[in-house]
Amino acid sequence: MEELDSEPTVTLIPGVNSRKKQMCFDWGPGEMLVCETSFNKKEKSDMVPGCPFIHIIRKNEDVYSQILRKLFNESHGIFVGLQRIEEELTGKSRKTQLVRVSKNYRSVIRACLEEMHQLAIAGKDPAIGRQFSIQVSSLSAMELIWNLCEILFIEVAPAGPLLLHLLDWVQLHVCEVDSLSADVLGSENPSKHERFWNLVTVLVLQGRLDEARQMLSKEADSSPTSAGMCRILGDLMRTMPVLSPGNTQTLTELELKWQHWHEECERHLQDGTFASSPHLESLCKVMLGEEAALLEQKGLLSTWYHFLVTRLLYSHPTVKPTDLHFYAQSSLDLFLGGESSPEPLDNILMAAFEFDIHQVIKECSIALSNWWFVAHLTDLLDHCKLLQSHNLYFGSNMREFLLLEYASGLFAHHSLWQLGVDYFDYCPELGRVSLELHIERIPLSTEQKALKVLRVCEQRQMTEQVRSICKILAMKAVRNNRLGSALSWSIRAKDAAFATLVSDRFLRDYCERGCFSDLDLIDNLGPAMMLSDRLTFLGKYREFHRLYGEKRFVDAASLLLSLMTSQIAPRSFWMTLLTDALPLLEQKQVIFSAEQTYELMRCLEDLTSERPVRGEPDAQQLQALCF
Amino acid sequence: MEEIYAKFVSQKISKTRWRPVPPGSLQTTETFATGSWDNEENYVSLWSIGDFGNLDSDGGFEGDHQLLCDIRHHGDVMDLQFFDQERIVAASSTGCVTVFLHHPNNQTLSVSQQWTAAHHHTGPGSPSCSSAPCTGIVCSNPEIVTVGEDGRINLFRADHKEAIRTIDNADSSTLHAVTFLRTPEILTVNSIGQLKIWDFRQQGNEPSQILSLTGDRVPLHCVDRHPSQQHVVATGGQDGMLSIWDVRQGTMPVSLLKAHEAEMWEVHFHPSNPDHLFTCSEDGSLWHWDASTDVPEKSSLFYQGGRNSTFLSHSISNQANVHQSLISSWLITDPTKDRIEITSLLPNRTLSVNSLDVLGPCLVCGTDAEAIYVTRQLFS
């Protein structure tokens, strides 16, 4: 960004005396940590009591709004749905499908808007009510912009239908008409209501000529002098040629008819048909598209884009999309009349009329407080194949950049990280790497959350992350003496090294206590035993004890021997194993065959030959027994 | 099927439970409770699905569930059960078990009782006040049994300040869920794929029976007992596999059914219609398993457990015990005989469905996409 749009806002940190002390800070993924240092601003050290807290500063407050959370969740569903049907979008139905997706997004925005509006007017606290009102206007601006983009970029309405769409757009966003209408019609004598003519004018401005005619007939009924004029004007309204959807007339036919009609209106005005009623005359002028007459109704129009659409309706109904921006610019200038400068919203709409998508997105990114809007709109426009040619200098394209920013913002939230995962999935270049970095940093407070994170990693073959998460959990389990859990985690990660660690722990416990803990685990290891040699040894050793307990000495003996000869027993344990062999050798009946006895002796020799100095009394006893 | 209504509620839902109807009442249930998780402030909330008789022609707004009241809950809500009509027991990730009391006259919830250190770690490496999440609760008035990541089983009684009975180190791994078999017996499942039956009448700290799958020790996450046949139990595992067990016979499951693509979080037999089973999973789907057979005289969907009819299919005609009053269709050893109809109930795939509950014709479920789905016409 080359220029600063406004002065940076100052945020005071509570508890820190910024006049006397200095602060230090560090950036995080979505937040900033700030704390007080022991450096003072003045030279001599004032013993001012310091603030002992570390503060977390978040810029993106919207993520924490309850109602906007619904927006994030619902739009996530629409986003994922759009990516999934991408392959099926072909041919003619593609445009309809994309328009439907766009309408879905808009209806979600509207639903949030409604809810927030309810809260804004129902709340008792005025400060919170104000905040909600700001959010409401922000959301309604978003919907306004999105709707216009839908008409111009997604629907790509050609000349003719274009105006109809723009009329709908204006009618949707200027909602005072309905309340005014209810007001006037609900009164006893509608045509004598003080705002009756306001209502009629606004209806004409919005192109709702049928309703305007009905109003005029009420006026005709109540005041017979103007009945004739009302009838004539009503006829003019009725006969105005409009392109109705499904109508087969060509654009040139429409233009011709419209020209004739326009001339007829002109004639009435010249003849002074409506001279005796200023209201009716100004209505006629409006219908002729006279700029001066329209500008007189600035109050009722309330926005320059309403002025633009009305002007187009009554002067250039067959306007082509490419010509829109001329009229838009002049409408804006005329409407503002040099009194005020355009606001950010005006600039965004102007950029849309100029079909400058990048400018629209850039301005929206600056004006709006979070990435939700631009990320989703850009993605949708990308599906319409409107953004292909523009690559940003740091490698990824604009759609991906915005999605990455949005998803990173979601990951900064304690709960919405699950949504962020899907957004990263659909960023082909940097999505996976970003996900790998983010997912390791999610705090895992319960096993259930860890399982969800692991499932995400496993579905995307992120084996490194699976391993590291399982290792952390297994370590925690070992520290808490939950050896079964630790083993379960190492099995999931297929981590042989950790399984060895757990087995060593078991064996150590056995040596210290003389009995096994957690027999339910060791007795039922199943095929998991194969994960690591040490684990296999543990299982087999326990089996030896079981066999011994069941007095199946021969089996026990051969198992014991095989444990030593097959080298899966750790060296440190051999002494224990040989000691276990003692009672078997001392039995009255012969359990070890001659060969087995030789094997035993050989093992003993191997063992003692490594430690020549220390004389093991058991070893001697063993040797004595063997002979 | 049926109309299923979704509502986004700005919190990830970990548990949903219907309020039980008073026994002998003909009304259907109208209220459900939810617990949230992974929020800085979690809530236990009560919702109402509105007047049953007021369905108007658009149907749209009437189906929506409305929040009645909620109360802050410390830590994630790991499990939730209705103790009786007014009391709800919640298990927390801080190891605390809380009983909430609902006051219908002013629609509020309050804390009625709390056991704060029900679950904690006591290892040589863990600090002295290290808490462990409580992962499962089951209630049978007046008793409450809880299990947790510390491998401990607690037996509480409402209005008693201390636990009646505690089995320390009942399991070396995490206990994920618990259910009653018969009143003095409970069954737990753990993260090394074992079912253990504990008898509270016995004094020791050993389970009276252990059952497990052969093969990989896949962790089991949920368990539910058949409503009328107390020896039939269904479990769901980390690989999405549904297993049906007969605890009287052998140590292995009767049938294994490949179900979901990811962890199965909850499995429920329908309480009055036990031939129907419901499962929900991390893969974002909720399945309805219909094992009811096409018996000609079956006219109503609601039959009581003690009736003297047998549902036979060819594979069990050689079973020894034909005297049984009701042979459960779940114990048929050959499930591939195409008799189980499986329907997916949610319209689109979503994030994980964490919890579901069924009562009468109503079903409610909650997801990680912060949405609650309710339907009132399960069997239409």
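Observations on the model:
- Residue satisfying condition, being within 14 Å of another protein chain (Cβ to nearest Cβ), of a type in the set (A, V, I, L, M, F, W, C) and farther than 30 Å from B:SER172 by Cβ, within set A:ALA407, A:ALA477, A:ALA412: A:ALA412
- Residues in segment B:165-199 that are basic (Lys, Arg) and more than 12 Å from chain A (Cβ to nearest Cβ) were compared, and the one that is surrounded by the fewest Cβ atoms within 10 Å (Cβ to Cβ) is B:ARG182.
- Within segment B:337-345, at least one residue is at pLDDT below 90 and on the phi > 0 side of the Ramachandran plot.
- Across segment A:385-414, the qualifying residues are those that are touching a strand residue (DSSP E or B) at 6+ places or on another chain (Cβ under 9 Å) and at pLDDT 80 or above, and the one among them that is nearest to A:LEU368 (Cα to Cα) is A:MET398.
- Flag for A:SER140 being among the hydroxyl-bearing types (Ser, Thr, Tyr) and modelled with pLDDT under 90: no
- Where a residue in segment A:247-261 is closer than 13 Å to A:THR318 by Cα and its partner, wherever it lies, is surrounded by 14 or more Cβ atoms within 10 Å (Cβ to Cβ) and of a type in the set (Val, Ile, Thr), with Cβ under 9 Å and at least six apart: A:LEU251/A:THR318; A:THR252/A:THR318; A:LEU254/A:VAL242; A:LEU254/A:THR318; A:GLU255/A:THR318; A:TRP258/A:VAL242; A:TRP258/A:THR318
- Residues of segment A:480-512 that are touching a helix residue (DSSP H, G or I) at 6+ places or on another chain (Cβ under 9 Å), surrounded by fewer than 23 Cβ atoms within 10 Å (Cβ to Cβ), among the basic types (Lys, Arg) and at negative phi: A:ARG492, A:ARG505.
- The set of residues in segment A:262-284 that are surrounded by fewer than 18 Cβ atoms within 10 Å (Cβ to Cβ) and without any contact (Cβ under 8 Å) to a residue 24 or more places away in the chain comprises A:GLU263, A:GLU266, A:ARG267, A:LEU269, A:GLN270, A:ASP271, A:GLY272, A:ALA275, A:PRO278.
- Scanning segment B:230-261 for residues that are of a type in the set (S, T, N, Q) and buried (at least 22 other Cβ atoms within 10 Å of the Cβ) turns up B:THR235, B:GLN238, B:SER243.
- Qualifying residue in segment A:92-102 (condition: within 12 Å of chain B (Cβ to nearest Cβ), under 22 Å from the mean Cα position of the chain (by Cα) and either assigned to a loop (DSSP other than H, G, I, E, B) or within 26 Å of B:LYS12 (Cα to Cα) (or both)): no
- The residue of segment A:185-212 that is surrounded by the most Cβ atoms within 10 Å (Cβ to Cβ), among those that are more than 44 Å from the chain's Cα centre (by Cα) and of a type in the set (Asp, Glu), is A:GLU194.
- All of B:ILE244, B:ILE210 fail the test of being more than 26 Å from B:TRP115 (Cβ to Cβ), assigned to a strand (DSSP E or B) and in contact with a Phe, Trp or Tyr (Cβ under 7 Å, 6 or more places away or on another chain), apart from B:ILE244.
- Segment A:359-375, residues that are touching a Leu at 6+ places or on another chain (Cβ under 8 Å) and in a helix (DSSP H, G or I): A:ILE361, A:CYS364, A:SER365, A:ALA367, A:TRP372, A:VAL374, A:ALA375
- Answer residue from segment A:509-559, given it is without any contact (Cβ under 8 Å) to a residue 12 or more places away in the chain, farther than 20 Å from B:MET252 by Cβ and part of a loop (DSSP other than H, G, I, E, B) and is nearest to the other protein chains (Cβ to nearest Cβ) among those: A:CYS515
- Residue within segment A:493-507 that is touching a residue at least 12 places away in the same chain (Cβ under 8 Å), part of a loop (DSSP other than H, G, I, E, B) and within 14 Å of chain B (Cβ to nearest Cβ) present: yes
- Of the residues making up segment B:348-362, those that are away from chain A (no Cβ under 14 Å) and out of contact with any Lys or Arg (no Cβ under 8 Å at 6 or more places or on another chain) number 4.
- Tally, over segment A:324-366, of residues that are of a type in the set (D, E, K, R), touching a residue at least 12 places away in the same chain (Cβ under 8 Å) and loosely packed, with under 15 Cβ neighbours inside 10 Å: 0
- When A:PHE373, A:PHE424, A:PHE353 are checked against the criterion of being more than 26 Å from A:GLU88 (Cβ to Cβ), at pLDDT 90 or above and touching a His at 6+ places or on another chain (Cβ under 8 Å), a single residue qualifies: A:PHE353.
- Taken together, the residues in segment B:200-229 that are in contact (Cβ under 8 Å) with a residue 12 or more places away in the chain, at the interface with chain A (Cβ under 10 Å from one of its Cβ atoms) and surrounded by fewer than 19 Cβ atoms within 10 Å (Cβ to Cβ) amount to 3.
- For segment B:150-164, residues that are touching an Asp or Glu at 6+ places or on another chain (Cβ under 6 Å) and within 14 Å of chain A (Cβ to nearest Cβ) total 2.
- Residues in segment A:419-452 that are within 14 Å of another protein chain (Cβ to nearest Cβ) and assigned to a helix (DSSP H, G or I): A:LEU419, A:GLY420, A:VAL421, A:ASP422, A:TYR423, A:ASP425, A:GLU447, A:GLN448, A:LYS449, A:ALA450, A:LEU451, A:LYS452.
- For segment B:230-251, a residue qualifies if it is farther than 21 Å from B:VAL138 by Cβ, away from every other protein chain (no Cβ under 12 Å) and not polar (S, T, N, Q), and the qualifying residues are B:MET241, B:GLY250.
The values are calculated or read from the model by the stated rules, or taken from the named source; none is laboratory data. As the structure is a prediction and not an experimental result, all values here were calculated from the model. When we count neighbours, we look across all protein chains shown, and the Cβ atoms used for this are built from the backbone with ideal geometry, even at glycine.
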